[in-house]
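The structure appears right after this line, and notes come after that.
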Amino acid sequence: MTTPFAGYTRTTLDDRLVNPEAYADESVLTDYATLRAEDPVHWTEPAGFRPFWSITAHADITAISKANQRFTNRQRTYLAPIEAEEWTRGISGDSHLFRTLVDLDDPQHMKLRRLTHSWFLPPNLRKLEAEIAEIARTHVDHMQLLGPDLDFVNEVALWYPLRVIMRILGLPTSDEKTILRMSQEIFGPQDPDVMARSKLLTSETGMAPPGSGNPQVDLFALVQEFFVYFAAVTADRRATPRDDLATIIANGQVDGAPISDLEATSYYAIVATAGHDTTSSTASAGLLQLIRNPPALARLAADPSLLPGAVEEMIRWATPVKHFMRTAAEDAEVGGKTIRAGDSLALFYWSGNRDAAVFDHPDRFIIDRSPNPQTAFGNGVHLCLGLHLARMELRALFAELLPRLKTIELTGEPRNSVANFVSGLKTLPVRVTWA
Ligand code: HEM
């Protein structure tokens, strides 16, 4: 089918929506704008992928996210090529290797989510505030020691949320590189630079290197690594409970029975992965926008009361999770289109966050944007469990960093990772002078 869409064919546009390169060079933002204007609920048939509806308007993304009975998660969580989906089905019998919260529907989803729900709410998180501020301080101290020239992504942003995750799960800091490598490989297998960094970490941790040449084989090996690593954590916390999130997960009960090893490992895996790359990418994207907007940087440094709003704008701008999928449980009407039961839908959050129907000047970074109903954390029953933690971490980092900066400038081209699911900056070379 070759219906023209703003200068290129429909086939080209469909392919671009799943093409990791279009996320790296951000050209997909132009495609999203085209779709919001011309076909916000767009039947998409990219080569090598099962077809789906592309949902690009903020209002539709929000409405579908909230309608969890009609649009479910279990069947298809994220965009993967047919070959990868078939391979996963061959191994696990369905479309998932893990059983994380985002792979499940209620009632099982809610039963598992409840185990940690209150742990992630502000009253509990406030107990960690001083410790997170201290972790932010040590990471900015480290940044200051690195000298004027450094790569903010690789030397600061990747490590700071990781240390927080290690702390909340109660994992030893000596395992940081192992966890970093595993979370990077889950989200970064489309990017050769991310995999090269991972190989370097592999040699430093003495673990078996990825790179069989077959992405599915590598992914399976990675999943096995998760299981081996976290099975030991579960056994340890069942034998010797401690005051950490891993203990809550390991000893979690659903319907009066302990949760399975698969459920426990999936739980650690989503906290470790979802809690890391997302916050790290947002911190890097936020700093880049401040470097590009010196008056905003100066205002923010002078007035910390602007920080919560600025963090919200960083999250809108970065939208590190580019999509999640839903599947229609019954026939439905969205934006005048008939969605058939069984059809899948991709909720393109980055597009929703640039929707001019909701945001004035959506392509401008405005630190005191108000209101800012950004949709980067999703909505409905799967609303990001870690959103308060993510905001707290980002506020703590910038509260520590900004007063110490005298000048900061780019010394090279920032580059994004080549990935269509969770993506963001993979390098941000800067020169800093300190106040
Ligand atoms: C779910 C984004 C940080 C843990 C999600 C979802 C999105 C998202 C889009 C799916 C929502 C939906 O389907 O409606 C983000 C962003 C973050 C971030 C943008 C940072 C800026 C974190 C952190 C943690 C975390 C720090 C934990 C330490 C989770 C979990 C889920 C989730 C466990 C699954 C919730 C469920 O299905 O019930 N996140 N996330 N996230 N996130 Fe986050």
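None of the figures in this text is laboratory data; all of them are computed from the coordinates on show. Everything quoted here is computed from the prediction, not taken from an experiment. Every residue, glycine among them, receives a Cβ derived from its backbone with ideal geometry; neighbour counts consider all protein chains shown.
I need the phi-derived Karplus couplings for the stretch 422-435: 6.51 cos²θ - 1.76 cosθ + 1.60, θ = phi - 60°, integer Hz, Gly and Pro marked x.
10, 8, x, 5, 10, 8, 9, x, 10, 10, 10, 10, 9, 6
Show the residues, 5+ positions off or on another chain, whose built amide H is closer than 5 Å to the amide H of F71.
Those qualifying (amide H under 5 Å, at least 5 residues apart or on another chain) are A329.
In sequence order, what are the phi-derived ³J(HN,Hα) couplings for the stretch 107-123 according to the Karplus relation 6.51 cos²θ - 1.76 cosθ + 1.60 with θ = phi - 60°, rounded to whole Hz, with x for glycine and proline?
Values per residue, Gly and Pro as x: x, 4, 4, 5, 4, 6, 4, 4, 4, 10, 3, 6, 4, 8, 8, x, x Hz.
Along the charge dipole of the stretch 284-358, pointing to its positive end and built from +1/-1 on Cβ of Lys, Arg, Asp and Glu, which listed residue (A318, G352, L288) has its Cα farthest out?
It is L288.
Using the crude model of +1 on Lys and Arg Cβ and -1 on Asp and Glu Cβ, and no other charge, please compute the dipole size for the chain relative to its Cα centre, in debye to 20.
So the dipole magnitude of the chain works out to roughly 780 debye.
Once amide H atoms are built 1.01 Å from N in the peptide plane, which residues 5 or more positions from R50, or in another chain, come under 5 Å H to H?
Result for R50 returns I82.
Over the stretch 80-123, with a single point scatterer placed on each C-alpha, what log10 of the ratio I(q)/I(0) does the Debye formula yield at q = 0.13, 0.28 1/Å?
-0.42, -0.94
So what's the chain giving for Cα Rg divided by 2.2 N^0.38 Å, two decimals?
This ratio for the chain stands at 0.96.
I'd like to compare 132-139, 236-243, 220-227: which one has the highest average count of other Cβ atoms within 10 Å, and what's the full order after that?
Highest to lowest by the protection proxy: 132-139, 220-227, 236-243.
Please report, to one decimal in angstroms, the Kirkwood hydrodynamic radius of the stretch 250-343 built from all distinct Cα-Cα pairs.
17.4
Could you pull out every one of the lysines with an alpha carbon less than 20 Å from that of K66, ignoring same-chain neighbours closer than 8 positions?
K111, K322, K337
Per residue of the stretch 259-275, what does 6.51 cos²θ - 1.76 cosθ + 1.60 with θ = phi - 60° give for ³J(HN,Hα)? Whole Hz please, x for Gly and Pro, Karplus curve as stated.
Residue by residue, the stretch 259-275 yields 5, 6, 4, 4, 5, 5, 5, 4, 5, 4, 4, 6, 5, 5, 8, 5, x Hz.
Non-local amide H neighbours of V254 (under 5 Å, H modeled in plane, Pro and chain starts lacking H): which ones?
HN-HN under 5 Å from V254: I259.
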